[in-house]
C-alpha cells in the first residue's frame with residue numbers, strides 16, 4: 001500500500017511538472033470584410049499573439065486577399081500576408097506568405113458547416129543571421145457555427161462555434177500542426193460581431209512536440225454593399 005502511495009505521488013509530480021511548462025497565451029484578432037458585389041469580396045486581418053508570456057506580444061500577422069463567390073456554397077480566395085516573430089523583444093523571423101484557398105459551405109439544420117482547404121507558399125528571413133528559406137504547407141479546416149437565440153445569424157444573435165484544423169507538408173515532418181478551437185460570440189448587427197474562446201494547438205517537430213493554449217478574442221467588421229439578402233453570414237474564426 002505504501003509503495004502504491006509513493007508511486008501515485010511520483011505520477012502526480014511528473015504531471016504537475018509537465019503542466020507547469022504550459023500556460024495560457026493570448027490570440028487577438030481584428031478583421032474587416034468588404035463585400036462590394038454579390039460575387040466579389042475583400043478581406044483584411046490583423047493579429048497579435050503573446051506566446052511565451054501572456055503580457056508581452058511576440059508575434060504579429062497582417063494579411064488580406066480577394067474572394068470570389070462561385071455560388072452561395074463555394075468560394076475561391078487568394079491571399080498574401082506578412083508575419084513576424086520576436087525573441088527577447090527583437091525581431092527574429094519575418095515571413096511573406098502567399099496562398100490559394102477554396103471553401104465549401106452547407107447547413108445541417110441551424111448549423112453552418114465550412115470545409116476550407118488552403119495551399120501556402122512561405123518565404124522566411126531570419127533577421128539575426130540573414131538566412132533566407134522557403135517552405136510550403138497545406139491546411140484543411142472543418143468549422144461549425146450555430147446561432148443560439150435566433151433561427152439564423154442576424155442582428156442581436158448569440159452563437160457558438162468550433163473547428164478542427166490540420167497542417168501538413170511535403171517534407172519529412174509531414175504532420176506539422178493540429179488546432180482545436182471552441183468558443184462563442186455575439187453578432188450586434190449586420191456590420192459588427194465579436195467572439196472569444198479557447199484554442200489548443202499542437203506543434204509537431206522532429207526535435208520535439210509542443211502544446212500551446214490560447215485565449216482567443218476577436219472583433220469583426222463587415223461592410224456590405226452587395227445587396228444580397230440570401231448570402232451566407234460567415235463569422236471569421238482564429239486563423
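Figure legend. Inter-residue proximity from region 30-58: first residues surrounded by 13 or more Cβ atoms within 10 Å (Cβ to Cβ), second residues assigned to a loop (DSSP other than H, G, I, E, B) and at pLDDT 95 or above, beta-carbon distance below 8 Å, spacing 6+ or different chains. No pairs are indicated. Going by the structure shown, is residue 64 part of a strand (DSSP E or B), buried (at least 18 other Cβ atoms within 10 Å of the Cβ) and modelled with pLDDT of 95 or more? Here the answer is no, as residue 64 does not meet what is asked.
Out of 145, 133, report the one residue that is loosely packed, with under 13 Cβ neighbours inside 10 Å and in a strand (DSSP E or B). Exactly one of 145, 133 is loosely packed, with under 13 Cβ neighbours inside 10 Å and in a strand (DSSP E or B), namely 133. Applying the set (1) more than 13 Å from the chain's Cα centre (by Cα); (2) surrounded by 13 or more Cβ atoms within 10 Å (Cβ to Cβ); (3) within 21 Å of residue 23 (Cα to Cα) to residue 215 leaves exactly one unmet item: (1). Residue count for region 153-182 under the criterion of being outside any strand (DSSP E or B) and either crowded, with 17+ Cβ neighbours inside 10 Å or touching a strand residue (DSSP E or B) at 6+ places or on another chain (Cβ under 9 Å) (or both): the result is 8.
Checked against the criterion of being farther than 18 Å from residue 29 by Cα and out of contact with any helix residue (DSSP H, G or I) (no Cβ under 6 Å at 6 or more places or on another chain), the candidates 67, 84, 79 yield just one match: 67. Scanning region 74-100 for residues that are more than 18 Å from residue 134 (Cβ to Cβ) and either surrounded by fewer than 13 Cβ atoms within 10 Å (Cβ to Cβ) or at pLDDT 95 or above (or both) yields 74, 75, 76, 77, 78, 87, 88, 89, 90.
On inspection, residue 69 passes the criterion of being over 15 Å from the mean Cα position of the chain (by Cα) and surrounded by 17 or more Cβ atoms within 10 Å (Cβ to Cβ).
Inspect all residues belonging to region 62-76 and state whether any of them is out of contact with any strand residue (DSSP E or B) (no Cβ under 7 Å at 6 or more places or on another chain) and under 20 Å from residue 143 (Cβ atoms). The answer is yes; a qualifying residue exists. Of everything listed in (1) in contact (Cβ under 8 Å) with a residue 60 or more places away in the chain; (2) in a strand (DSSP E or B), the single unmet condition for residue 78 is (1). Scanning region 183-210 for residues that are in contact with a strand residue (DSSP E or B) (Cβ under 9 Å, 6 or more places away or on another chain), touching a residue at least 12 places away in the same chain (Cβ under 8 Å), in a loop (DSSP other than H, G, I, E, B) and surrounded by fewer than 15 Cβ atoms within 10 Å (Cβ to Cβ) yields 188, 190, 191, 205.
The values are calculated or read from the model by the stated rules, or taken from the named source; none is laboratory data. Remember, predicted model here, so these are calculated numbers, not experimental data. So basically every Cβ, Gly included, is an ideal-geometry build from the backbone, and we count neighbours across all protein chains shown.
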